[in-house]
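Peer 1: Sharing a structure here in structure tokens format.
The values are calculated or read from the model by the stated rules, or taken from the named source; none is laboratory data. All values reported here derive from a predicted model rather than from experimental measurement. FYI the Cβ positions are ideal-geometry reconstructions off the backbone, even for glycines, and counts take in every protein chain you see. Just so you know, the surface numbers come from the protein's heavy atoms only, side chains and all, with ligands and any DNA or RNA stripped out. Shrake-Rupley method; radii C 1.70, N 1.55, O 1.52, S 1.80 Å.
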Amino acid sequence: MPTSQIPRNPLPLKNLFRILMACCASSMPLSAVEQVFDIPHELSSKVWRASWIAPIDAPPNNYGVFAFRKSFDLAEKPSRFVIHLTADNRYRLFVNGKAVTIGPARGDLMHWCFESINVASLLKAGGNNLAVQVWNFGIYAPHAQFSRRTGLLVQGEGTLESVADTNATWQVRRDESFSPVPLDMAKLGTFITSGHGNRIDASKALKNWQQENHGTSGWSKVELVSPGFPWGTGTQGDWLLVPRMIPLMEDTPQTFVSVRKSQGVTVSPDFVQGKAPLVIPAGQKVSLLLDQGKLTTAYPEMLVSGGKGAKLRVTYAESLHMSEKGGDKGNRNDIEGKVIRGLVDEFLPDGQGDFLFRPLRFRTFRYVQVEIETGSEPLNILRYSSRFTAYPLQLKATFETGEKRLDNIWQVGWHTQRLCANDIFYDCPYYEQMMYVGDTRIQALITRYMSGDDRLTRRAIDLFDNSRVSEGLTQSSYPSRVPQFIPPYSLSWIQMLNDYLKVNGDETYVRGKLNAVRSILDWYQTQTDPETGLYTAKSWWNFVDWPNEWPWDDATRIGGVPSSDKDGVSSILNLQWVLALRDAATLYRHFDREIDAAQAEKSANNVLRQIFQRCWDAKRGLLADNPERNTFSQHANVLLVLADPGGQPGYAPKKLMEQVLADSSLVQCTMYFRFYLNEALLAAGMGDLYLDQLQQWDAMLAQGLTTFAERPDPTRSDCHGWSASPNYHFLRIVCGIQPTAPGFSKVRIEPNLGKLRKVTASMPHPLGAIRIQFKRSENSTISGWVELPNGLNGELKVNGKTYQLTGGQRTDLP
């Protein structure tokens with residue numbers, strides 16, 4: 001049923017899901033340590049006893065990599081030793097030489113995350129050493145990176161752990177081996193905000209400094225900056241601290257699949273598997289093109305020996321390009337005649353024994369080109385591999401049809417979702433690593449349906465709420481030190497909040513966001529025509545989708561914007577407002593705010609009526625994109641069906657959607673807005689046509705993509721979170737699994753198999769798994785069964801009949 005009609009229902013499950021997820025948090029990233037979520041109250045209510053520390057002589061905001069350390073003795077090996085730590089910009093923690101974790105989770109200065117780790121398993125009786133590599137990217141920082149200044153903060157939880165507190169007993173030393181490799185934006189010819197490369201000079205490196213007996217020569221005292229201030233306390237906190245409530249990132253070793261091309265050297269197949277070294281003789285120029293086999297997000301690690309005077313240039317790319325200018329990429333599996341363009345690291349060996357080159361930030365790549373120029377001695381590459389990193393999502397849903405095409409889309413969609421989830425959701429892991437509201441709404445639904453995990457979604461909702469400015473809008477992408485506003489994305493945030501109430505159901509949490517809903521809607525009211533009440537798009541970037549007809553405009557620095565009339569009225573932008581108003585009314589009504597709900601519904605109905613009167617073209621039987629009725633798109637008509645699935649006088653949703661699918665003259669939805677097109681099919685009772693709408697995904701697979709791209713070729717990004725939407729719709733539309741009460745406390749299952757012969761699937765629920773199996777006969781009659789977990793009831797609608805479903809029982813169709 002439409003979201004505005006979801007009935008109000010008490011929530012017996014409202015907190016169960018989050019409790020279960022917190023209890024089963026993945027917490028074994030780099031070494032066997034335990035992540036702690038039970039944070040002592042004083043860490044959020046009192047100023048910390050530990051102080052932020054920094055290098056004394058280094059400029060506070062310049063690029064720099066620093067080694068901090070503290071040695072201490074323990075009478076015996078502890079059973080528990082919890083430290084709470086964070087840094088600016090980022091850090092990597094070592095305990096007695098063992099890598100533990102990387103942090104902090106991204107936030108802003110008002111909500112700066114700290115991690116809580118039990119490192120007892122890595123400690124011993126006698127001498128121990130905490131070592132923290134801290135870096136500040138300075139002007140080379142990614143757009144998503146906030147910063148006050150270089151700093152480190154560690155506080156032990158109890159009396160025993162207080163020995164770890166950052167104070168004057170810590171030492172620091174600059175690691176001169178790191179310097180930036182700036183991106184050549186002019187040469188790359190595209191927008192990249194995810195950071196720059198690293199140059200690592202082994203001759204300047206601090207070696208084995210993480211160990212207890214490293215020595216003291218060259219180390220300095222630290223500067224005490226300020227104590228740690230929890231959010232909501234104190235008067236002068238530089239960083240306001242909040243606990244990290246998401247798990248640590250996955251850390252899994254992986255090897256390349258093959259060397260696709262080599263020049264100047266013969267490479268054994270055993271090299272890529274780490275079974276044999278690669279020896280580059282002195283005085284040689286060598287080039288290797290390695291293939292990971294599929295796109296990945298990982299920390300590359302190259303272990304070398306010898307090679308004094310050698311220079312290595314490493315380029316990472318999602319895929320190869322047909323020309324130096326970029327543009328078309330062709331089939332991603334093909335390499336002949338193509339060039340590599342992208343982010344670069346540079347490695348300089350020193351010939352002094354084994355050395356591990358590892359950049360500070362993970363890299364996104366399928367292809368890696370290594371260009372090597374050796375000096376007066378040979379270079380031995382002992383191992384070149386990587387460590388996969390991403391949010392530790394666990395695939396708990398299943399979808400089996402026996403059709404290879406759908407199986408491939410399911411698998412590639414899941415891989416896309418994985419690479420676009422880290423400490424925040426990413427729009428794309430290569431170019432931006434930014435969290436955008438429009439993308440995130442879709443990613444949150446995929447995550448919930450496939451894994452049952454809501455923690456990253458809650459974090460996203462919070463961060464976007466934190467981004468709101470005084471005018472009322474959320475920022476379109478956040479965290480971001482570069483403000484950007486896409487007003488329709490603030491509307492998507494309201495929809496995402498309503499989604500969260502439906503599928504997760506934490507009432508207390510959602511209630512606390514209603515003032516944010518009001519502020520967004522109030523901003524829209526300030527942007528309306530006083531006579532019609534319609535939204536006039538005259539401010540900011542009113543992005544909708546990426547069809548070719550709405551190209552990027554260098555003069556205005558915007559693209560993807562639909563046409564409007566001279567007053568800025570667009571049917572598309574106004575119907576997006578209508579949908580958000582209806583979802584806002586649902587939220588208000590659930591919490592007994594009837595006056596607000598009635599006002600939202602009144603505004604929605606007025607805008608819908610005005611848009612239909614001004615933009616409906618009776619001759620074509622379509623809604624135009626603006627009152628001038630000079631352009632038409634799938635987008636406008638899809639949104640009309642979603643905003644008014646019952647139908648205005650003069651049009652029928654089903655007939656309209658048939659025309660939307662058949663009329664190729666309409667501006668076509670690309671990957672992002674196909675999500676809404678498919679939702680409109682379902683709203684119009686045409687879900688059986690869904691599986692016929694996957695041509696854009698079929699095309700990507702035919703082109704050798706291992707993740708789904710931002711838009712049809714030519715595309716910038718080969719991996720974009722919003723393009724994994726089929727994984728959600730396979731369960732929501734094909735299997736027909738939908739919540740009918742907040743918190744997924746009731747369910748309706750109404751399958752849409754289309755031409756599909758059979759499907760067996762399951763979906764995670766806080767009470768257990770929802771399981772289904774359906775088969776379609778020659779006359780399209782559906783047979784099969786449904787099984788709900790104990791405590792979850794619902795209904796099954798199939799073959800024109802409705803069956804009641806009882807939790808803990810299997811319901812077989814006659």
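Peer 1: Net charge within 13 Å of Arg629 by Cβ-Cβ distance, Lys/Arg positive one each and Asp/Glu negative one each, not counting Arg629 itself?
Peer 2: Values: positive: Arg614, Lys619, Arg620; negative: Asp565, Asp617, Asp625, Glu628.
Cβ neighbours under 13 Å give a net charge of -1.
Peer 1: While we're here: Multiply the residue separation of Gln809 and Asn333 by 0.36 nm, subtract the distance between their alpha-carbon atoms, and state the gained length in nm to one decimal. Intermediate results must be reported in sequence, preceding the final value.
Peer 2: Numbers: separation 476, 0.36 × 476 = 171.36 nm, distance 4.76 nm.
Result: 166.6 nm gained on full extension.
Peer 1: Using the Karplus curve 6.51 cos²θ - 1.76 cosθ + 1.60 with θ = phi - 60°, what ³J(HN,Hα) values do you get for each residue of the stretch 537-543, in whole Hz, with x for Gly and Pro?
Peer 2: With the stated coefficients, the stretch 537-543 comes to 7, 10, 10, 6, 10, 8, 5 Hz.
Peer 1: Given a Förster distance of 35 Å, report the FRET efficiency between Ala618 and Asp692 from their Cβ-Cβ distance, rounded to the nearest 0.05. The partial results should precede the final answer.
Peer 2: Working: r = 28 Å, r/R0 = 0.81.
With a Förster radius of 35 Å, E is 0.80.
Peer 1: Okay, next question. Mind checking the log10 I(q)/I(0) for the stretch 420-558 at q = 0.10, 0.11, 0.22 Å⁻¹? Debye, one equal scatterer per Cα, no solvent, two decimals.
Peer 2: -0.35, -0.43, -1.43
Peer 1: Which value, in debye to the nearest 20, gives the size of the charge dipole of the stretch 79-138 about its Cα centre, when Lys and Arg are +1 and Asp and Glu are -1 at the Cβ? It would help to have the intermediate numbers written out before the result.
Peer 2: Details: 6 positive and 3 negative charges, 53 e Å.
Computed charge dipole of the stretch 79-138: roughly 260 debye.
Peer 1: So, one more: Could you rank the peptides 777-783, 384-390 by their average count of other C-beta atoms within 10 Å per residue, with the highest value first?
Peer 2: Working: 777-783: 10.6, 384-390: 21.0.
The densest-packed peptide leads the list: 384-390, 777-783.
Peer 1: First measure r as the distance between the Cβ atoms of Arg80 and Glu301, then evaluate 1/(1 + (r/R0)^6) with R0 = 35 Å and state the FRET efficiency to the nearest 0.05. Before the final figure, lay out the partial values.
Peer 2: Numbers: r = 31 Å, r/R0 = 0.89.
It comes out at approximately 0.65.
Peer 1: Work out how much length Leu109 to Val279 would gain on full extension: take 0.36 nm times their residue separation and subtract the Cα-Cα distance, in nm to one decimal. The partial results should precede the final answer.
Peer 2: Values: separation 170, 0.36 × 170 = 61.20 nm, distance 4.75 nm.
Stretched out fully, the Leu109 to Val279 stretch lengthens by 56.5 nm.
Peer 1: Turning to a different aspect of this structure: Ignoring any ligand, DNA or RNA, what whole percent of the accessible area of the chain comes from carbon and sulfur when the probe is 1.4 angstrom? Could the numbers behind the result be given before it?
Peer 2: On the way: 14610 of 29940 Å².
Looking at the chain in its full context, I get 49 percent from C and S.
Peer 1: Right, here's the next one. Assuming a ≥ b ≥ c are the square roots of the Cα gyration tensor eigenvalues, decide whether the stretch 29-156 counts as rounded (a/c under 1.5), prolate (otherwise, with a/b larger than b/c) or oblate.
Peer 2: Working: a/c = 1.84, a/b = 1.48, b/c = 1.25.
Prolate.
Peer 1: What fraction of the DSSP beta bridges in the chain is antiparallel, stated in percent and rounded to the nearest 5? Can you show the working numbers first?
Peer 2: On the way: 132 of 145 bridges.
Around 90 percent antiparallel, to the nearest 5.
Peer 1: Note the angle between two axes, namely the Cα long axis of helix 634-643 and the longest principal axis of the Cα atoms of the chain, as a number of degrees from 0 to 90, rounded to the nearest 10.
Peer 2: 70 degrees
Peer 1: Hey, what number do you get for the chain at 222 nm if only DSSP H runs of n ≥ 4 count, each worth -39500 (n - 2.57), divided across all residues, to the nearest 500?
Peer 2: Working: 17 runs with 186 residues, N = 814.
The per-residue figure over the chain is -7000 deg cm²/dmol.
Peer 1: Quick one: helix 571-590 against the long Cα principal axis of the chain, what's the angle to the nearest 10°, folded into 0 to 90?
Peer 2: Rounded to the nearest ten degrees, it is 90.
Peer 1: Hey, another quick one. Need one number: nm distance between label points at Thr216 and Met322, each 7 Å from Cα along Cα→Cβ, rounded to one decimal.
Peer 2: With each label placed 7 Å out from Cα toward Cβ, I get 6.6 nm.
Peer 1: Contact order normalised by length for the chain, with contacts defined as Cα pairs under 8 Å and 6 or more residues apart; what percent is it?
Peer 2: On the way: 1947 pairs, mean separation 95.7, N = 814.
Relative contact order of the chain: 12 percent.
Peer 1: Give me a comma-separated list of calculated 3J(HN,Hα) values for the stretch 91-108, in order, Karplus coefficients 6.51, -1.76, 1.60 applied at θ = phi - 60°, integers in Hz, x for any Gly or Pro.
Peer 2: My calculation for the stretch 91-108 gives 9, 10, 9, 10, 10, 6, x, 8, 5, 10, 7, 10, x, x, 4, 5, x, 10 Hz in order.
Peer 1: If I take every Cα pair under 8 Å that is 6 or more residues apart in the stretch 396-469, average their sequence separation and divide by the length, what percent do I get for the relative contact order? Please list the in-between numbers first.
Peer 2: On the way: 57 pairs, mean separation 19.1, N = 74.
Reported as a whole number, the value is 26 percent.
Peer 1: Sticking with this structure for a sec: Return the percentage of antiparallel bridges among DSSP beta bridges fully within the stretch 136-276, rounded to the nearest 5 %.
Peer 2: Values: 6 of 8 bridges.
So the antiparallel bridges in the stretch 136-276 amount to around 75 percent.
Peer 1: So, for the chain, what is the accessible surface per residue at a probe of 1.4 Å, expressed in square angstrom? List each step's numbers first, then the result.
Peer 2: Working: 29940 Å² over 814 residues.
Result: 37 Å² per residue.
Peer 1: Mind checking the full-extension length gain between Asn62 and Asn408? Use 0.36 nm per residue of separation minus the Cα-Cα distance, one decimal, nm.
Peer 2: Between Asn62 and Asn408, full extension yields 119.9 nm more.
Peer 1: Sticking with this one: Sorted from largest down, what three extents in whole angstroms do the Cα atoms of the stretch 629-719 have along their principal axes?
Peer 2: 46, 32, 20
Peer 1: Also, quick follow-up: In this model, which of Lys655/Lys758; Lys294/Lys404; Lys619/Lys797; Lys70/Lys308; Lys746/Lys775 are farther than 30 Å apart at the alpha-carbon?
Peer 2: Numbers: Lys655/Lys758 28 Å; Lys294/Lys404 18 Å; Lys619/Lys797 37 Å; Lys70/Lys308 32 Å; Lys746/Lys775 24 Å.
Where the Cα-Cα span goes over 30 Å, the pairs concerned are Lys619/Lys797; Lys70/Lys308.
Peer 1: Would you please give the residues with an amide H less than 5 Å from that of Cys113, counting only those at least 5 places away or on a separate chain, with H modeled from the backbone geometry?
Peer 2: HN-HN under 5 Å from Cys113: Gly107, Val242.
Peer 1: Would you give the gap between the C-alpha center of the stretch 216-264 and the C-alpha center of the stretch 653-709, rounded to a whole Å?
Peer 2: 41 Å
Peer 1: Whole-Hz ³J(HN,Hα) for each residue in the stretch 179-193, computed from phi via Karplus 6.51 cos²θ - 1.76 cosθ + 1.60 with θ = phi - 60°, x for glycine and proline: what do you get?
Peer 2: Listing the rounded values in order: 8, x, 10, x, 6, 8, 4, 4, 6, 6, x, 8, 9, 10, 10 Hz.
Peer 1: How big is the charge dipole of the chain about its Cα centre, in debye rounded to the nearest 20, if each Lys and Arg gets +1 on its Cβ and each Asp and Glu gets -1 on its Cβ? Don't skip to the end; give the middle numbers.
Peer 2: Details: 87 positive and 83 negative charges, 193 e Å.
Magnitude of the dipole: close to 920 debye.
Peer 1: Calculate how steeply helix 671-683 sits against the longest principal axis of the alpha-carbon atoms of the chain, using the helix alpha-carbon long axis, and give the answer as 0 to 90 degrees to the nearest 10.
Peer 2: 40 degrees
Peer 1: Given axes a ≥ b ≥ c from the Cα gyration tensor, I'd like to know whether the stretch 381-441 is rounded (a/c under 1.5), prolate (a/b larger than b/c) or oblate. Let's see the in-between values first.
Peer 2: Working: a/c = 2.17, a/b = 1.20, b/c = 1.81.
Since a/c reaches 1.5 but b/c is at least a/b, the shape of the stretch 381-441 is classed as oblate.
Peer 1: Roughly how many nanometres apart are two label points built 7 Å out from the Cα toward the Cβ at Glu176 and Val482?
Peer 2: Roughly 3.3 nm, to one decimal.
Peer 1: Starting from the Cα of Ile139, move 7 Å in the Cα-to-Cβ direction to define the label point; list residues of the stretch 147-180 whose amide nitrogen is under 11 Å from there.
Peer 2: The answer is none, because no backbone nitrogen lies closer than 11 Å to the label point.
Peer 1: Okay, next question. Simple spin-label model, 7 Å along Cα-to-Cβ: Ala32 to Ser539 in nm?
Peer 2: 5.7 nm
Peer 1: Next question, about the same structure. With point charges of +1 on the Cβ of Lys and Arg and -1 on the Cβ of Asp and Glu, referenced to the Cα centre of the stretch 291-340, which listed residue (Thr315, Ser305, Gly337) lies farthest in the positive direction of the dipole?
Peer 2: Value: Ser305.
Peer 1: Say the dipole of the chain comes from +1 at the beta carbon of Lys and Arg and -1 at that of Asp and Glu; which of Leu521, Ala125, Tyr430 then lies farthest toward its positive end?
Peer 2: Going by the Cα projections, it comes out as Ala125.
Peer 1: Below 8 Å, C-alpha to C-alpha, sequence gap of six or more: please give me the relative contact order for the stretch 527-575 in percent.
Peer 2: Values: 60 pairs, mean separation 18.4, N = 49.
In percent, rounded to a whole number, it is 38.
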